[in-house]
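Take a look at the structure set out below.
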Amino acid sequence: MTRYRRTALSAGIATLTLAFSILTLAEPAYSAEPSANGNGSGKDESGGSDNTGIYAAAKIQYSGSVAKGGGAGNVTSSDVNWTPPPCWYAPYLGAKDFKKKMSESIDSAMNTPGMGGTAGAALGELQRHYEDDYGWTDTPGYKDYNVDKDGEGMFWAAVENPDEPDVLKRSSCNDIPFWVDNGEAPPPQYEEAITPEILAALAYQHMELPATEVTLAPEAVTKVNLATWAWLDKAVFDEVQATAALNVPGFNIQATTTAKPVSLKLEPGTDDAQTYPASGECTINADGSIGEPWAKGKSDETPPCGLKYLRSSGDGTYKLRATITWEINWTGTGGAGGDLPNGTFGATQDITVQEIQAVNR
C-alpha cells in the first residue's frame, strides 16, 4: 500500500474524535526557573485536549533564555524563508497503554450511529493494522498492538506546534501512530520525526534575546550637528543560550541554541541625520564590545559608532532604533550541530534634538 493509502487511513482517525479525548501540546505548563542570563525562564510543554486528532504527549523541556509563559521568543530571523517546524512526530505511549487508548476509541467510534461507508471502512482497516498485522509497503502492521514488546519501545504520534499560526501547516503531520524500538531511529519515511535539529529550531523559536539599551553620549537630548557616540559594553552584551530537551524512556535527546552578538545597526528615525559608519552598521570589537565610549577630549572626533542629527526634533522626539544582529548556531545529542539563520532584535529610544542657541552680545 502506498502513502496515498496510508493518508486515507489517517482520514479514518479523524472519526475517533467523536469519542476520544486526545492529547496535544496546545496547553504548555509553565514553571518559573532561573535562566542562564536572567532573561526568560524554564518552561515545559505538556499534554492537553482539543478534539482534533491523536497527538503525542511527550514533553519538551525548555530552559535558558526562553520566553516566559510558553509563547514564542523575540528573535526575528534574518532569513525570511526560514520557519520553525509546524509539527513533528514524537514518542506517545507504550504498547499496553496505546492498546487501551486506541482500541477503546476505535470500538466507540465504530459503534457510533451512522458510522459506515468510507469512514467505517477506514476504521476497520485501522483496527486490522494494529491488531492483525495488516501492513503495506514500508509500513508493517502490528500483532495485538505490539503488547509483547511493551517496555521495549513506544508508539510515536504527531505533535502540533502551538505557535504555528497556519492551521494547515500545523496539522500537516497526519500519519497514523507508528512503533519505534528503544535506541533505534524512526523509519526514514517519517521525515518530521523529532531530532536534535528540530529541537534546535524550537529552541530558536522560544529564545528570548536581552533588550539591551544602547549607551549614548549625549544621552537623550542632543544638539543639531553634534555627533552622538553610541556603544555597548561586553559586560551587558554577551551570548545567550536556549535549550530544548525531550526525555522519555528509551529516548533522550537535546539541543542548545547559542546566539552571539555580531553587530549593531542604528536607524535615526529621520532622513535628516548621518550615521557613523555611513551604513549605520557597527561591527563587534575584538573584546566583544561595540562602538567606543565617549570621553572628554573626544568632542571634535568622529565616533566609530554613532550618529549626527541635522535638524531639530521640534516639540517632539526622533525614534532612534537600535537593532542587534546575533549569529546563531546549535549543538545537540550525538555531536550534531550546525548554523541557524542570524537573528535580530531591536528597540527604540526617544531622542530630543535641539537647535544650538545663538548668544547675543
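Give me the one-decimal nm value for the distance between modelled label points at Ser172 and Glu152, 7 Å along each residue's Cα-to-Cβ direction.
Distance between label points: 3.6 nm.
Give me Rg over Rh for the stretch 255-361, both radii from the alpha carbons and Rh done the Kirkwood way, two decimal places.
Computed over Cα atoms, the ratio is 1.14.
Among the listed pairs Lys169/Lys319; Lys234/Lys265; Lys59/Lys234; Lys68/Lys260; Lys59/Lys169; Lys143/Lys169, which have their C-alpha atoms separated by more than 25 angstrom in this model?
Exceeds cut-off: Lys169/Lys319; Lys59/Lys234; Lys143/Lys169.
Fully extended, how many nm does the chain gain between Lys260 and Asn182 (0.36 nm per residue separation, minus their Cα-Cα distance)? Write out the running numbers ahead of the final one.
Details: separation 78, 0.36 × 78 = 28.08 nm, distance 3.59 nm.
Computed gain between Lys260 and Asn182 is 24.5 nm.
How about the stretch 148-212: which GluC sites (Glu not before Pro) there lie in a loop by DSSP and see at most 12 other Cβ atoms within 10 Å?
On the way: sites: Glu152, Glu160, Glu184, Glu191, Glu192, Glu197, Glu208; in loops: Glu152, Glu184, Glu191, Glu192, Glu208.
Taking the stretch 148-212 and a limit of 12 other Cβ atoms within 10 Å, the loop GluC sites (Glu not before Pro) found are Glu184, Glu191.
Using 0.36 nm times the number of residues separating Met115 and Thr333, minus their current alpha carbon distance, what extension gain do you get?
Values: separation 218, 0.36 × 218 = 78.48 nm, distance 4.59 nm.
Separation in residues times 0.36 nm, less the Cα-Cα distance, equals 73.9 nm.
By how many nm would the segment from Thr215 to Asp300 lengthen if fully extended, with 0.36 nm per residue of separation less the alpha-carbon distance?
Working: separation 85, 0.36 × 85 = 30.60 nm, distance 1.90 nm.
28.7 nm is the gain from fully extending Thr215 to Asp300.
Which FRET efficiency value, to the nearest 0.05, do you get for Lys143 and Thr76 by plugging their Cβ-Cβ distance into 1/(1 + (r/R0)^6) with R0 = 51 Å? If you can, show how the numbers build up before the last one.
Working: r = 50 Å, r/R0 = 0.98.
That pair, Lys143 with Thr76, gives E of 0.50.
A short reminder: the numbers here are calculations on the coordinates, not readings from a lab. Since the model is a prediction, treat every value here as computed from it, not as a measurement. Positions of Cβ are backbone-derived with ideal geometry, glycine not excepted, and every protein chain shown enters the neighbour counts.
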